[in-house]
Amino acid sequence: MSGYLSVGILLAVLGAFFVLMPYEKLHEVFRGMRSPVTTKVGGAVLLIGGIAMIAKGITLL
């Protein structure tokens, strides 16, 4: 398994976690989160970045 694939899977899982988890639950654990919008946007960016890295890792195999 290449590094791109491993990091891509990690980012995709983390991004999906932030996108799918309700903001109230996330705010209980991570007190520093200020806005639900930026939390969801950040999760979407992580998810897209993870998918792109997975695709790059697959093409390099």
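The values are calculated or read from the model by the stated rules, or taken from the named source; none is laboratory data. All values reported here derive from a predicted model rather than from experimental measurement. For neighbour counting, all protein chains shown are included, and Cβ atoms are generated from backbone atoms with ideal geometry for every residue, glycine included. Just so you know, the surface numbers come from the protein's heavy atoms only, side chains and all, with ligands and any DNA or RNA stripped out. Shrake-Rupley method; radii C 1.70, N 1.55, O 1.52, S 1.80 Å.
Can you find a residue that is among the hydrophobic types (A, V, I, L, M, F, W, C), surrounded by 14 or more Cβ atoms within 10 Å (Cβ to Cβ), in a helix (DSSP H, G or I) and under 13 Å from the mean Cα position of the chain (by Cα) anywhere in the stretch 17-39?
Initial filter on the stretch 17-39 (among the hydrophobic types (A, V, I, L, M, F, W, C)): 17-21, 26, 29-30, 33, 37.
Imposing the further condition that a residue be surrounded by 14 or more Cβ atoms within 10 Å (Cβ to Cβ) reduces the set to 18-19, 21, 26, 33.
Filter once more, so that each one left must be in a helix (DSSP H, G or I): 18-19, 26.
Then keep just the ones that are under 13 Å from the mean Cα position of the chain (by Cα); that gives 18-19.
Checked against the condition, which is being among the hydrophobic types (A, V, I, L, M, F, W, C), surrounded by 14 or more Cβ atoms within 10 Å (Cβ to Cβ), in a helix (DSSP H, G or I) and under 13 Å from the mean Cα position of the chain (by Cα), the stretch 17-39 yields at least one hit.
Taking the stated definitions as given, is VAL7 out of contact with any Phe, Trp or Tyr (no Cβ under 8 Å at 6 or more places or on another chain), open to solvent by 50 Å² or more (accessible area, probe 1.4 Å) and under 23 Å from LEU61 (Cβ atoms)?
Values: out of contact with any Phe, Trp or Tyr (no Cβ under 8 Å at 6 or more places or on another chain): yes; open to solvent by 50 Å² or more (accessible area, probe 1.4 Å): yes; under 23 Å from LEU61 (Cβ atoms): yes.
Yes.
Given (1) open to solvent by less than 90 Å² (accessible area, probe 1.4 Å); (2) more than 15 Å from the chain's Cα centre (by Cα); (3) not hydroxyl-bearing (Ser, Thr, Tyr), identify the lone condition not met by GLY50.
The number of the failed condition is (2).
Would you pick out the residues in the stretch 1-16 that are of a type in the set (Gly, Ala, Ser), touching a Leu at 6+ places or on another chain (Cβ under 8 Å) and assigned to a helix (DSSP H, G or I)?
Applying the first criterion (of a type in the set (Gly, Ala, Ser)) to the stretch 1-16 yields 2-3, 6, 8, 12, 15-16.
With the extra rule that they be touching a Leu at 6+ places or on another chain (Cβ under 8 Å), the set shrinks to 2, 12, 15-16.
If the condition is that a residue be of a type in the set (Gly, Ala, Ser), touching a Leu at 6+ places or on another chain (Cβ under 8 Å) and assigned to a helix (DSSP H, G or I), then ALA12, GLY15, ALA16 are the ones that fit.
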